[in-house]
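The values are calculated or read from the model by the stated rules, or taken from the named source; none is laboratory data. Everything quoted here is computed from the prediction, not taken from an experiment. Quick reminder, even Gly has a Cβ in these numbers, built from the backbone with ideal geometry, and neighbours come from all protein chains shown. We work out accessible area using only protein heavy atoms, side chains counted, and drop any ligands, DNA or RNA first. Shrake-Rupley method; radii C 1.70, N 1.55, O 1.52, S 1.80 Å.
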Amino acid sequence: MLTTKENTIYMSNHQCEVDWIVVDMLAIRQGSLGNIRYVLKDGLKYFPMYGFYFRQHGCVYVKRNNKFEEDKAARHVAELTKNKTQLWMVVFPEGTRYNPEAKETILKSQNFAANEDLPILNEVLNPRIRAMEVCLTNLQGHIEAVYDVTIAYTNSDDHSGKRKTAPGMADFLLQSEPEIHLHAKRIPATELPTTSADIKTWLYGRFKEKDRLLRDFYSSDFDKQSFGSQCQKSDLSLRQTLPAVLFFGGLNALFALTKTGRQLYWRTALYGSLFGILWMRFS
């Protein structure tokens, strides 16, 4: 496991909301849970309370396709380097979730690859280059590595070679024995590309490898269903999670079980949301 605390860019394939929890699961084992920052879709900045909080925490909002504001994104990422912010900068380069039932989205991605003479991918979507390029360029000298993580879920696999839709949060937690399979590769900063052309080639190469790993995982060949390497089970001790559960559980109980707490809660949620939306709109 990636247990040595360090500044890094974390990138992975994206299938469902559980992917976000996977980041937490890995970061807490490194003592880096509070260092997580995300590259997020621009529309999420208006999400009540959280949109404002994420920006203040150092997250970066980006627009897709031709609306991508590179200078603005670069400025926000460069702030993290300038301030020597400890971070896991989380990027999902596909830009949206992969769903095997979303045939039109997959076909669009494959047609783009064919037109650009790029590898045709079946188990992941083509990665979008610009957000990753902004992070690699503006975090040079600040990060020690890139963590390239490939995620697979047990209940999206019937071992027949046909992949199913990844689980939502409720579906995943309600399984009797939920499992997440990860392939994690640490790429030292000294091995990372620096030019735009090299970043493009490198990123497509990484996703071509993800495509191969997932194709093997979802195949009917049992020997290939462990990402081709020795499996390592990672347990998390109760002392690493129980204090936070007790603290936030107790704090929420104060709000929920008293009249004053409930009034303070809804007023903070209402007025805080309005303030955050206005701030994000005009900042």
key: Cα Rg, Dmax, region 103-142, angstrom units   = 13.3, 41
task = Would you list the P(r) distribution for region 78-187, with all Cα-Cα distances sorted into 5 Å bins from 0 and each bin expressed as a whole %?
result = 2, 9, 15, 17, 18, 15, 12, 8, 3, 0, 0
note = Around GLU6 (Cβ within 12 Å, Cβ-to-Cβ, excluding GLU6; K/R +1, D/E -1) the net charge comes to +1
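Would you mind giving the three semi-axes, in whole Å and largest first, of the ellipsoid equivalent to the chain according to its Cα gyration tensor? Each step should come with its number before you reach the end.
On the way: eigenvalues 197, 128, 79 Å².
Each semi-axis is the square root of five times an eigenvalue, giving 31, 25, 20 Å.
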ask   = What residues qualify as long-range amide H neighbours of ILE36, i.e. H under 5 Å apart, gap of 5 or more or another chain, H built at 1.01 Å from N?
value = TRP88
request  = Report, to the nearest whole %, how much of the accessible area of region 77-187 belongs to carbon and sulfur atoms, 1.4 Å probe, protein only.
outcome  = 47 percent
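Give, as a single signed number, the net charge of other residues whose beta carbon lies under 13 Å from the beta carbon of GLN86, with Lys and Arg counted +1 and Asp and Glu -1.
Details: positive: LYS5, ARG37, LYS84; negative: GLU6, GLU144.
That sum, taken over residues with Cβ under 13 Å, equals +1.
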remark   = For LYS5, counting only aspartates and glutamates whose alpha-carbon sits under 15 Å away and dropping same-chain residues fewer than eight positions off, the answer is ASP24, GLU144
request  = Roll a 1.4 Å probe over the protein chains and send me the accessible area per residue for region 74-128 in Å².
outcome  = 56 Å²
ask   = What is the set of long-range amide H partners of GLU69 at a cut-off below 5 Å, with H atoms built 1.01 Å from backbone N?
value = LYS63
Cα coordinate range in region 9-123, projected on the principal axes (Å, largest first) = 42, 33, 29
ask   = Given H placed on each backbone N at 1.01 Å, which residues far from GLU17 in sequence or on other chains put an amide H within less than 5 Å of it?
value = MET169
key: Cross-link partners of LYS210 among aspartates and glutamates (Cα-Cα below 17 Å; sequence separation of 8 or more within a chain)   = ASP19, GLU94, GLU123, ASP148, ASP157
inquiry  = Past 24 Å, Cα to Cα: identify those pairs from LYS162/LYS208; LYS72/LYS200; LYS162/LYS185, in the order given.
reply    = LYS162/LYS185
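By average Cβ neighbour count within 10 Å, what is the ranking of 21-32, 122-133 from highest down?
On the way: 21-32: 17.1, 122-133: 21.3.
So the peptides 21-32, 122-133, ranked by packing, come out 122-133, 21-32.
Of the listed peptides 102-112, 57-67, 34-44, what is their order by residue-averaged count of other C-beta atoms within 10 Å, with the highest listed first?
Values: 102-112: 13.8, 57-67: 15.4, 34-44: 17.7.
Sorting 102-112, 57-67, 34-44 by mean packing, highest first, produces 34-44, 57-67, 102-112.
Report, for the chain, the % of DSSP beta bridges that are antiparallel, rounded to 5.
Numbers: 10 of 25 bridges.
In the chain, approximately 40 percent of DSSP beta bridges are antiparallel ones.
Please list 141-152, 245-256 highest first by mean number of surrounding beta-carbon atoms within 10 Å per residue. Intermediate values should be presented prior to the final figure.
Working: 141-152: 20.1, 245-256: 10.8.
Result, highest mean Cβ count within 10 Å first: 141-152, 245-256.
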message = For q values of 0.29 Å⁻¹, compute log₁₀ I(q)/I(0) with the Debye formula on a Cα-only model of region 1-42, without solvent.
response = -1.22
